[in-house]
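Right, one structure below, let's go through it.
The values are calculated or read from the model by the stated rules, or taken from the named source; none is laboratory data. Note that the coordinates shown come from a computational prediction; the quantities given were computed from them, not determined experimentally. We place every Cβ from the backbone using ideal geometry, glycine too, and count neighbours over all the protein chains shown.
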Amino acid sequence: MAIRQLTPEQVRSWSREQKDRWWLENIWRGDMAQLTLRSGVTGFLLGGILSATNLYVGAKTGWTLGVGLTSVILAFAIHRTLSRLGTRDLTILENNCTQSIATAAGYMTTPLVAGLAAYMWIQNEIIPWWQIVVMVTLMSIIGVLVAFPMKRRFVNDEQHPFPEGRACGVVLDTLYTGAAEQAGMLKARALAGAATLAGLVTMLTGENWMRLLQEKLLGLKAAWVLPGQLDAWYYALVARGAAPVPRLAGVDIRQLALSPAIDLAMIGAGGLMGIRTTVSLMVGMIANFAIIVPWMISMGELAPRSGSVAAGDSVFGRAWILNNWALWWGLAMMLVAAMASLFARPEVFAQAWRMLRGSQREAAGTDVLKHIELPLWISFAGVPLLGIVTVWLMHAWFGVDWVLGLLAIPLIVVLALVAASSTALTSITPTGSVSKIPQFIFGAADPRHPPTNLMTAVMCTEVAGNASNLLMDIKPGYMLGAKPRQQAIGHVIGIFAGAIAATPLFFILFGLWDYDPAGGVSVQETMVSDKFTFPAALQWKGVSDLVTAVFGGGAGTLLTASILWSMGIAAVVALVMEILRIRSEGRFPLSPLAIGLGVLVPPESTFMMFVGSLFFWFMARRYEERRDTTGWRLWVDTQEPMCAGLIAGAALIGIGDVLLRVFVFAA
């Protein structure tokens, strides 16, 4: 059933009071169950599970993926199955409430794999888990309080598309009207099947799962593990002297991180990203690891960690290459591209200014939704109050200057408006761009104390990103007639679900649970591994190091001449490419932001993401003219749930493998 909506002319010409009255009379479902015990519990549990998958993917790629559609389909399948056993099925608004809770939980992982991880690396100290829970929960609740006043303008009045949120609303409407059983259960089966396949493959390649099954349960002396590296067969020939070692600039290509590995989670992530993004990631990866880095090694600009290239025993590794040379040109490309993209859309800033200034038309109107909207006084009182509490904690725990912390509070509102304006138009929340603004502002003000630029940026970015993403989740509720106050409560429930699930897992998954500072291993070395490389945290740390070096007077010891040249060239190339992309209205095939990210993401992850996007792109092209076939329904119509299943299955089993290592085989 088509969802009723205003025409573009009505959106332009009607007052907000008229639009609210029309919505109240035609869309609002005041008598339908929404935030119930079962929808709350379902959202809480799904949110905890899906936040774990986002933590896993974020630590591997630097990206966090929306979990709204995944939670909608899972909740639908679970309760539709239970309804056959005699229980009452979820209403469409209960399902929407479930996805609101789950998505709020999923967003909780962003600071863990970005700003907070960077802080721990720079300071080389662990933030206690309870401090993380308190800080992230406070900042996320501020995000909710910022989001709901903006909802009245962005959603109620100007009716912005929020494309991803609108898609979620359409899916919900499709599931609960018409051929819901067939369409919904097909998507659910696709998700479950993909998750099962990904989980099985991940289990076979997981050393600890195989040890549990074969040594502990079957009593075998040794466990067989499916080789995770796709080129393992070739290096078996090398070991027997039957094949040469592939080298670039005299260096074994495995030392340059060029060794593809099985990772079905990354195949799913690539399917969600799309072919254009992953092609750009591949360009960045190949340019860095196969061309530029070997060139720098041959010129002597990048020395090995140990050994000698001439003697053939040099040791490099991806982390060494990044930290000692390549990080900087990739970071420069991402920074310039992100800022150029942000400032090239003046309508985003105009929209933010209109929101900040308000309008006479709104002030003169009557708030016909006053009895169901979240009262404005809660936001107007709660944001400064919780903001001051957060600043006090940042001062007490991280040494952030009181004045600079308080100055970050009004900046939060401005950056939230800018980020929300971008999300409203494109579904892209520019948290990467937004984080650099407070890092540079407060880093320049206090250059010799890195926690100042890091923690103020964490607060600004977490609130701005959380508010913007929650607006995208409010959109389907508005389309379907949900109760705004109950959505707000649902988001807060999701915040607690994410904090409870993600924070302990963060400590266990990345080796922080039993970290011993006297052991001689840094926090960064403990957290970073071949599997988890934290690309987003590398960006945050890189910007912080750059700001500290530039404004603190130490750039000469940080950046060599070749690094400075690479940054300058990368910045110019990124600016030209971003201008071409904007002027061509997105038709320019490469994204400089993704090219820069391709430097930071492990090459094996980039390759698998490219494989996933290529596969689904090929299937879409193959069945483009045959939309009534089984092939279209399987490979194209269910692409999103299938990709979500690959991510969830691989991530959950991968997390289980780490937990087995920590709690079963640690001794």
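A Cβ distance below 8 Å, combined with a sequence gap of six or more or placement on separate chains, defines the contacts here; from the stretch 439-452, residues that are within 15 Å of L407 (Cβ to Cβ) reach residues that are among the small types (G, A, S) and crowded, with 18+ Cβ neighbours inside 10 Å in the pairs Q439/A457; Q439/S544; F442/A408; F442/A457; G443/S544; T452/G443.
With the requirement that a residue be of a type in the set (A, V, I, L, M, F, W, C) and modelled with pLDDT of 75 or more, what does the stretch 172-200 give you? If the condition is that a residue be of a type in the set (A, V, I, L, M, F, W, C) and modelled with pLDDT of 75 or more, then L172, L175, L186, A188, A190, L191, A192, A194, A195, L197, A198, L200 are the ones that fit.
I'd like to verify a number: residues in the stretch 580-602 that are surrounded by fewer than 23 Cβ atoms within 10 Å (Cβ to Cβ) and either modelled with pLDDT of 85 or more or not β-branched (V, I, T) (or both), how many?
10
Of the candidates S359, S308, S280, S298, the single residue that is on the phi < 0 side of the Ramachandran plot, at pLDDT 85 or above, exposed (fewer than 15 other Cβ atoms within 10 Å of the Cβ) and not aromatic (F, W, Y) is S298.
Within the stretch 608-623, the set of residues being touching a Ser or Thr at 6+ places or on another chain (Cβ under 8 Å) and more than 24 Å from L258 (Cα to Cα) comprises just one member, Y623.
Report yes if V146 is buried (at least 22 other Cβ atoms within 10 Å of the Cβ), in contact with a Pro (Cβ under 9 Å, 6 or more places away or on another chain) and in a helix (DSSP H, G or I), otherwise no. It would help to see each step written out before you state the result.
On the way: buried (at least 22 other Cβ atoms within 10 Å of the Cβ): yes; in contact with a Pro (Cβ under 9 Å, 6 or more places away or on another chain): no; in a helix (DSSP H, G or I): yes.
The answer is no for V146.
If you go through the stretch 20-51 and keep only what is within 24 Å of the chain's Cα centre (by Cα) and crowded, with 24+ Cβ neighbours inside 10 Å, you end up with T42, G43, L46, G47, L50, S51.
Exactly one residue among L386, L415 is at pLDDT below 85 and either of a type outside the set (G, A, S) or in contact with a Leu (Cβ under 9 Å, 6 or more places away or on another chain) (or both), and that residue is L415.
Here are A198, A190, A236: which of them is within 27 Å of L600 (Cβ to Cβ) and either in a helix (DSSP H, G or I) or in contact with a strand residue (DSSP E or B) (Cβ under 9 Å, 6 or more places away or on another chain) (or both)? Of the residues listed, the single one that is within 27 Å of L600 (Cβ to Cβ) and either in a helix (DSSP H, G or I) or in contact with a strand residue (DSSP E or B) (Cβ under 9 Å, 6 or more places away or on another chain) (or both) is A198.
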